[in-house]
Amino acid sequence: MTRRVEASHGLARIMSKRGLCSRAEAERLVRAGRVRVEDRIEHDPESRTPSDARIIVDATEAIAAPRRYLLLNKPRGLVTTRNDEQGRDTVYSLLGDAGDHWLAPVGRLDKASEGALLFTNDSAWAAAITAPGSKLDKTYHVQVDRLADTDLLDALRRGVDDDGERLALKSVRELRRGEKHAWLEIVLDEGRNRQIRRVLAAFDLGVLRLVRVAIGPLALGELGKGKWRDLDEREVAMFASPSRVLRPS
């Protein structure tokens, strides 16, 4: 009978995949000598470790944490990080008791942006969503500081070259307009740094508000500003393979 060989990975990766902490935090704990694998202290976060190994952090056995998946409606003025070096308020201030356990944001929204932001301790689920090849649509409502005519909308759809990067918007349409301002709906299927703001700035369009209203098929709906909720099993499953999820209509 052939003996089954357990898969092995780097120790820090296993700790992260168990939902115990971020990979960076796991590396710090290991290097500090606070992690035992079976009966030995391990100092190398990349040491090959069986996936089912008994891992002890300080005096506590590191058992895989229950998986958690949250949707937050992020307000403006908060940064998407747990600890900010500049002392700014972070999104974790809104999570209450849920934030006491390790949860990582799935992607980012900058300080001035609002809307849908996912959190999880399931690193594989998060990686599937953020992988460049997922091409998962993200839908934004953006208030700009002047009116956009058809020619300008066409130019926005074609995109721009900025600092050596080709920045394109998957789709752009006008939602509504006032006398001086307009709201646009913009869909991205990639996630470059400040992509929408950079494209609009190239056409002298200033952003007054930027709200992410949907990630793939998951919309903010009636979730209030600064509020969060757990995803249900169906919603979690929608992102199990982002390349196959339905796009919002």
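Residue check: L152 meets all listed conditions (1) at pLDDT below 90; (2) in contact with a Leu (Cβ under 9 Å, 6 or more places away or on another chain) but one, namely (1). Please tell me if S51 is in contact (Cβ under 8 Å) with a residue 24 or more places away in the chain, touching a Leu at 6+ places or on another chain (Cβ under 6 Å), over 20 Å from K138 (Cβ atoms) and of a type in the set (S, T, Y). Spelling it out, it is not the case that S51 is in contact (Cβ under 8 Å) with a residue 24 or more places away in the chain, touching a Leu at 6+ places or on another chain (Cβ under 6 Å), over 20 Å from K138 (Cβ atoms) and of a type in the set (S, T, Y). For D52, the conditions (1) among the acidic types (D, E); (2) surrounded by fewer than 13 Cβ atoms within 10 Å (Cβ to Cβ); (3) at pLDDT 90 or above are fulfilled apart from (3).
Suppose we filter A32, A112, A59 for residues that are in contact (Cβ under 8 Å) with a residue 60 or more places away in the chain and either out of contact with any helix residue (DSSP H, G or I) (no Cβ under 9 Å at 6 or more places or on another chain) or under 28 Å from I186 (Cα atoms) (or both); which single one remains?
Numbers: A32 fails: in contact (Cβ under 8 Å) with a residue 60 or more places away in the chain; A59 fails: in contact (Cβ under 8 Å) with a residue 60 or more places away in the chain.
A112 is the lone residue from the list that is in contact (Cβ under 8 Å) with a residue 60 or more places away in the chain and either out of contact with any helix residue (DSSP H, G or I) (no Cβ under 9 Å at 6 or more places or on another chain) or under 28 Å from I186 (Cα atoms) (or both).
Among the conditions (1) at pLDDT 90 or above; (2) farther than 14 Å from L147 by Cα, the only one that D163 does not satisfy is (1). Restricting the range 196-222 to residues that are more than 16 Å from S113 (Cβ to Cβ) and modelled with pLDDT of 95 or more, the residue that is surrounded by the most Cβ atoms within 10 Å (Cβ to Cβ) is L218.
Can you pull out every residue in the range 201-233 that is among the β-branched types (V, I, T), farther than 20 Å from R68 by Cβ and under 18 Å from the mean Cα position of the chain (by Cα)? Even if it seems obvious, please write down each step before you answer.
Of all residues in the range 201-233, those among the β-branched types (V, I, T) come to 207, 211, 213, 215.
This time we only want the ones that are farther than 20 Å from R68 by Cβ, so: 207, 211, 213.
Once the filter is applied, which keeps residues that are among the β-branched types (V, I, T), farther than 20 Å from R68 by Cβ and under 18 Å from the mean Cα position of the chain (by Cα), the range 201-233 yields V211, V213.
Among the numbered conditions (1) outside any loop (DSSP other than H, G, I, E, B); (2) exposed (fewer than 15 other Cβ atoms within 10 Å of the Cβ); (3) among the hydrophobic types (A, V, I, L, M, F, W, C), the only one that L147 does not meet is (1).
Evaluation of R176 against the conditions (1) under 30 Å from A98 (Cα atoms); (2) assigned to a strand (DSSP E or B) shows that the sole unmet condition is (1). Checked against (1) closer than 18 Å to L218 by Cβ; (2) surrounded by 13 or more Cβ atoms within 10 Å (Cβ to Cβ), L152 meets all criteria but (1). The set of residues in the range 165-184 being exposed (fewer than 14 other Cβ atoms within 10 Å of the Cβ) and aliphatic (A, V, I, L, M) consists of L175 alone. Just one of (1) surrounded by fewer than 17 Cβ atoms within 10 Å (Cβ to Cβ); (2) touching a residue at least 12 places away in the same chain (Cβ under 8 Å); (3) farther than 29 Å from G226 by Cα; (4) among the hydrophobic types (A, V, I, L, M, F, W, C) fails for I41. It is (2).
Only one of the numbered conditions (1) surrounded by 14 or more Cβ atoms within 10 Å (Cβ to Cβ); (2) closer than 22 Å to W228 by Cα; (3) free of Cβ contacts under 8 Å to residues at least 60 places away in the same chain is not met by N121, and that is (3).
Could you say whether any residue in the range 164-178 is within 24 Å of L208 (Cα to Cα) and in the same structural domain as V91 (by TED's automatic domain parsing)? No, the range 164-178 contains no residue that is within 24 Å of L208 (Cα to Cα) and in the same structural domain as V91 (by TED's automatic domain parsing). Could you say whether any residue in the range 25-46 is under 24 Å from D97 (Cβ atoms) and among the acidic types (D, E)? The answer is yes; a qualifying residue exists.
The values are calculated or read from the model by the stated rules, or taken from the named source; none is laboratory data. Small disclaimer: the values here were computed from a predicted structure and weren't measured. FYI the Cβ positions are ideal-geometry reconstructions off the backbone, even for glycines, and counts take in every protein chain you see.
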